[in-house]
1. Yes or no: the stretch 171-188 includes at least one residue that is closer than 28 Å to M1 by Cβ, surrounded by fewer than 20 Cβ atoms within 10 Å (Cβ to Cβ) and modelled with pLDDT of 95 or more.
2. Within the stretch 238-249, can one find any residue that is at pLDDT 95 or above, crowded, with 20+ Cβ neighbours inside 10 Å, in the same structural domain as L195 (by TED's automatic domain parsing) and more than 19 Å from K109 (Cβ to Cβ)?
3. Residues to consider are L32, L60; find the one that is modelled with pLDDT of 95 or more and not assigned by TED's automatic domain parsing to the domain that holds G223.
4. Would a scan of the stretch 117-133 turn up a residue that is at pLDDT 95 or above, of a type outside the set (V, I, T) and touching a Pro at 6+ places or on another chain (Cβ under 8 Å)?
5. Residues of the stretch 143-165 being assigned to a loop (DSSP other than H, G, I, E, B) and touching a helix residue (DSSP H, G or I) at 6+ places or on another chain (Cβ under 6 Å), which ones?
6. Does P253 satisfy the criteria of being outside the structural domain of E36 (by TED's automatic domain parsing), closer than 24 Å to L131 by Cα, touching a Phe, Trp or Tyr at 6+ places or on another chain (Cβ under 7 Å) and surrounded by 21 or more Cβ atoms within 10 Å (Cβ to Cβ)?
7. In the set G255, G207, which member is at positive phi and modelled with pLDDT of 95 or more?
8. Condition first: farther than 26 Å from G119 by Cα and aliphatic (A, V, I, L, M). Now tell me which residues in the stretch 1-59 satisfy that.
Amino acid sequence: MRLISFAGRGIMVGALHNNEVVMLDSVADDMLSLIEMGPSGLKRARQVIAEGMPRDMLPLDQVKLLAPLPRLSKNIVCLGMNYVEHAYESMRAKGLPEKLPEHPVFFTKATTTVNHPEGGIPLDSAITQQLDWEVELAFIIGQRGKNIKRADAMRYVWGYTIINDISARDLQNRHNQFFKGKSLDGSCPMGPCILTADEVPNPAELGLRLRVNGVTKQESVVGDLIFDIPTIIETLSQGQTLEPGDIIATGTPSGVGMGRTPQEWLQVGDVVEAEIDKIGVLRNTVVKA
């Protein structure tokens with residue numbers, strides 16, 4: 001299933017089906033509630049879709065999509081330098097020796113970064129002049145767990161979505177860590193949907209790409225990750241409880257603006273499209289903050 005949040009009577013949850021939105025308000029009040037219901041919630045959602053009652057249907061073109069999880073209780077967990085070529089381009093951009101990380105590099109983005117599938121990406125030139133793009137596959141945790149073994153890790157994945165990890169590189173370098181440069185308001189477009197895990201038997205086969213004004217800047221496959229999803233879950237859950245609704249972004253491939261010669265930065269009016277097979281396309285325009 002391709003599950004969405006959309007604007008209706010407040011924030012509503014639905015499923016995409018044949019260019020229509022099937023409302024799932026009879027199943028759950030919002031996406032997090034649906035995730036917390038576990039397999040029973042997905043079973044009920046499938047029943048509503050199969051029944052296809054007209055009262056539950058809306059034309060897709062009449063719906064305003066929101067980020068699948070518009071309101072988060074925790075920061076978004078992200079991985080840095082998790083594709084080989086991106087790790088190398090990051091080191092080169094900083095004038096450091098090219099080497100790969102020995103362990104997953106975790107950082108977080110604030111909850112206020114969440115942006116919608118067609119939301120404007122704010123750019124305040126008084127704050128940053130080096131706004132960069134990063135297409136990433138993100139996965140959503142579906143059940144509570146701690147000290148999860150690699151062999152069991154994929155059972156904890158509820159679904160997948162796209163994140164564009166918009167980054168202010170000048171702030172990132174100035175503060176010598178990731179959080180501030182990654183946490184400007186609206187710097188995490190997310191969506192357009194959550195694709196449930198049963199639809200992705202092998203996430204390594206998913207292709208991902210990013211375009212700026214129609215020009216491809218990034219293109220790779222999830223199979224090129226240095227640390228794969230089971231390794232991420234096993235490592236992150238050591239001594240730390242993962243909970244339903246936690247979002248973990250797996251990292252970005254090479255081709256970011258920071259790594260280009262000359263370097264490229266987003267400007268007001270640029271249209272950024274982040275795309276992953278089966279999930280869809282995030283299409284956001286950079287706007288003056």
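The values are calculated or read from the model by the stated rules, or taken from the named source; none is laboratory data. Quick caveat: nothing in here was measured; it's all calculated off a predicted structure. Cβ atoms come from the backbone with ideal geometry, glycine included; neighbour counts cover every protein chain shown.
1. yes
2. No, there is no match, as no residue in the stretch 238-249 is at pLDDT 95 or above, crowded, with 20+ Cβ neighbours inside 10 Å, in the same structural domain as L195 (by TED's automatic domain parsing) and more than 19 Å from K109 (Cβ to Cβ).
3. Working: L60 fails: modelled with pLDDT of 95 or more.
None of the other options fit; the residue is L32.
4. Just the residues of the stretch 117-133 that are at pLDDT 95 or above, to begin with: 117-133.
If we keep only those that are of a type outside the set (V, I, T) as well, we get 117-120, 122-126, 129-133.
Subset that is touching a Pro at 6+ places or on another chain (Cβ under 8 Å): 117, 119.
Checking the stretch 117-133: at least one residue is at pLDDT 95 or above, of a type outside the set (V, I, T) and touching a Pro at 6+ places or on another chain (Cβ under 8 Å).
5. Here is the first cut: in the stretch 143-165, the ones assigned to a loop (DSSP other than H, G, I, E, B) are 143-144, 146-149, 165.
Residues satisfying the conditions are Q143, I148.
6. Working: outside the structural domain of E36 (by TED's automatic domain parsing): yes; closer than 24 Å to L131 by Cα: yes; touching a Phe, Trp or Tyr at 6+ places or on another chain (Cβ under 7 Å): yes; surrounded by 21 or more Cβ atoms within 10 Å (Cβ to Cβ): yes.
Yes.
7. On the way: G207 fails: at positive phi.
Only one candidate qualifies: G255.
8. Hits for the stretch 1-59 are V27, M37, L42, A45, V48, I49, A50, M53.
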